1. Scan the range 35-64 and report the pairs whose first residue is free of Cβ contacts under 8 Å to residues at least 40 places away in the same chain and whose second residue is among the basic types (Lys, Arg) and not in a loop (DSSP other than H, G, I, E, B), with Cβ atoms within less than 9 Å and a gap of 6+ or a chain change.
2. Within 29 Å of the chain's Cα centre (by Cα) and at pLDDT 85 or above, is that true of Lys53?
3. Working carefully through the options Lys63, Lys68, find the one that is at pLDDT 80 or above, closer than 30 Å to Lys103 by Cβ and surrounded by 10 or more Cβ atoms within 10 Å (Cβ to Cβ).
4. In the range 71-82, what count of residues is obtained for those that are over 23 Å from the mean Cα position of the chain (by Cα) and either within 17 Å of Val104 (Cα to Cα) or surrounded by 14 or more Cβ atoms within 10 Å (Cβ to Cβ) (or both)?
5. Only one of (1) aliphatic (A, V, I, L, M); (2) at pLDDT below 85; (3) under 37 Å from the mean Cα position of the chain (by Cα); (4) open to solvent by less than 70 Å² (accessible area, probe 1.4 Å) fails for Leu37. Which number is that?
6. Please go through (1) at pLDDT 75 or above; (2) loosely packed, with under 10 Cβ neighbours inside 10 Å; (3) not in a helix (DSSP H, G or I) for Ser5 and return the number of the only condition it doesn't satisfy.
Amino acid sequence: MMRISIFRQFLALSLLALSAAAGAQTPSSAPPKLEKLDESGDAPITVTAPAEKKITEKREQGKVTEVKVTTGKSTYYVKPNTPAGSAVPGDLTGSANRGPQWKVMEFGPGKKKQDPKEQEAADNAPPPPAK
């Protein structure tokens with residue numbers, strides 16, 4: 001008898017929850033209005049060819065000691081990680097991976113250097129008239 005009453009209570013609670021959920025999901029009166037987007041303001045897309053890669057390896061006694069990678073105007077160096085002391089590969093300090101390195105102030109495309117005379121003339125030029 002006890003099992004039937006528990007089952008009936010569970011069934012009654014389930015039906016009550018189901019009817020409450022169905023009542024909460026009534027559709028709204030009107031769907032939201034959509035706005036038309038203006039696509040004329042976008043600039044055209046220009047696709048460029050991928051930059052050419054040049055890889056140069058530096059070896060000493062048959063081992064690679066440095067790799068120079070040039071991609072477009074960016075140049076970086078990759079060096080193997082030499083473990084310190086008695087560390088073996090697989091140890092925490094014996095990892096073979098090492099991050100790439102860039103020379104300071106050489107990351108990214110460089111600026112063209114101006115002729116010193118042109119730079120001096122640009123520095124001494126009068127400011128534009130105010131409007």
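1. Lys54/Lys68; Ile55/Lys68; Thr56/Lys68; Glu57/Lys68; Lys58/Lys68; Val64/Lys58
2. Yes; evaluated as a whole, the condition is true for this residue.
3. Result of the check over Lys63, Lys68: Lys68.
4. Of the residues in that region, 2 qualify.
5. Every condition holds for Leu37 apart from (4).
6. (3)
The values are calculated or read from the model by the stated rules, or taken from the named source; none is laboratory data. None of these values were measured; they are calculated from a predicted model. Cβ sites come from the backbone with ideal geometry, for glycine too, and all protein chains shown count toward neighbours. Quick note on the areas: whole protein, heavy atoms, side chains included, nothing else; ligands and nucleic acids left out. Shrake-Rupley method; radii C 1.70, N 1.55, O 1.52, S 1.80 Å.
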